[in-house]
Amino acid sequence: MAAPVRSKKSYRFAFRSSVYIALISTMVMAFLLWSFNELNWVVVIVTALTLFVTSFVTLQIRIDKFIYKKIKKIYDDVELLESSTLPSYPVTTDMRTLTAEIEKFAKDKKIEIDTLKIREEYRKDFLGNVSHELKTPLFTVQGYLETLLDGAIDDKNVRKKYIYRANKAVDRLIYIVKDLDLITKLEVGDLRLEKQSFNIIELIQSVFDLLEMKADKKNITLTFDIPYPEPIMVYADKEKIQQVLTNLLVNSIKYGNEKGTTEISVENLVKNKVIVRVTDNGEGIPAVHIPRLFERFYRVDQSGSRREGGSGLGLAIVKHVIEAHGEKIFVESAVEVGSEFSFTLEKSSSQIEDKQ
């Protein structure tokens, strides 16, 4: 709990009010004494000073106590603050300062309430998406097992086919749970990055090789924009960057056009940075979806048909991995033209020195 900030006490209101009281009272007293021919300026001045001091002290104490009690009652009534967060000493009597503080408090609370509403909506979406993603493979497994238990287990061919399909559904469940575990660790900062110096060109080529068969099924070509005869050394977590590249390429293949191309380029950005671009000529992404692309389970295809598999966490993981490295990720896309995802990486110090 944050310690209460001591407000600057102002005596302006009490001072001005005391001056007015002393001045008006003294003028009335002086007029009365003058009327009775008993005007004594020493008495007048002493009376004026006495009235001023008495009024000032009384007003200051009363105003302090009045404002403090009223504000505390407001806080208690609306239950926006715990009583322990309110200063135990008199708050400021400067109304301009007090008004500014109350306005700031109201603004902060509005932001807090808006944030809570957004989080609540996000939580509802997340729970809905998790249940949707998990129930499909779960129901698939349940359906196959029930069919087997109902007698299909006696047919050797059916038994083998259904057990194989149930196993594939379990694999999908494991895939989703692993991705959920990874993204949770990334979001809470609980994942350690094991940074090392490695050749990003070599890593990209290995990802090309891993996904070659998947790309061949749609006649999609995975290629570099130009030959890279020399290594480009970067400093990052090699395994995590491989996952980033894999997720981006898998997405590109999934939503790419038949006989399309997915091209990767690696360019110098600044002295100690490179930018990796993954570009395709696929179906593209409507502009309305781009701000939400990196949300967990968000899909451009809102029909619910899930025509393409995956956990729905691929791009969210990509974003968190890149940000965990302290780097940036960007996306540009146009419908029926294609998409480009790009991210920055730190150059290896040895390569920077070689360039100097």
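Miscellaneous remarks
- Within the stretch 334-346, considering residues that are modelled with pLDDT of 90 or more and of a type outside the set (Phe, Trp, Tyr), the one surrounded by the most Cβ atoms within 10 Å (Cβ to Cβ): 339
- When the stretch 173-210 is filtered for residues that are closer than 30 Å to residue 131 by Cβ and either in contact with a strand residue (DSSP E or B) (Cβ under 7 Å, 6 or more places away or on another chain) or in a loop (DSSP other than H, G, I, E, B) (or both), the ones remaining, listed by number, are 188, 189, 190, 191.
- Residue satisfying condition, being in contact with a Phe, Trp or Tyr (Cβ under 7 Å, 6 or more places away or on another chain) and either not polar (S, T, N, Q) or not assigned by TED's automatic domain parsing to the domain that holds residue 333 (or both), within set 186, 269, 211, 248: 248
- Exclusive hit being over 20 Å from residue 342 (Cβ atoms) and in contact (Cβ under 8 Å) with a residue 40 or more places away in the chain, set 254, 214, 240, 259: 259
- So residue 270, is it at pLDDT 90 or above and under 29 Å from the mean Cα position of the chain (by Cα): no
- Filtered residues of the stretch 304-333 (kept if of a type outside the set (A, V, I, L, M) and at pLDDT 85 or above): 319, 320, 323, 325, 326, 327, 328, 330, 332, 333
- Residues located in the stretch 133-147, provided they are closer than 15 Å to residue 161 by Cβ, touching a helix residue (DSSP H, G or I) at 6+ places or on another chain (Cβ under 7 Å) and not hydroxyl-bearing (Ser, Thr, Tyr): 141, 145
- Number of positions in the stretch 138-177 that are of a type in the set (Phe, Trp, Tyr) and either exposed (fewer than 15 other Cβ atoms within 10 Å of the Cβ) or touching a residue at least 60 places away in the same chain (Cβ under 8 Å) (or both): 3
- Residue ID - modelled with the highest pLDDT, chosen from residues in the stretch 97-140 that are over 29 Å from residue 169 (Cα atoms) and among the small types (Gly, Ala, Ser): 106
- Check on residue 282, at pLDDT 65 or above and in a loop (DSSP other than H, G, I, E, B): yes
The values are calculated or read from the model by the stated rules, or taken from the named source; none is laboratory data. All values reported here derive from a predicted model rather than from experimental measurement. Please note: Cβ atoms are built from the backbone with ideal geometry, for glycine as well, and neighbour counts cover all protein chains shown.
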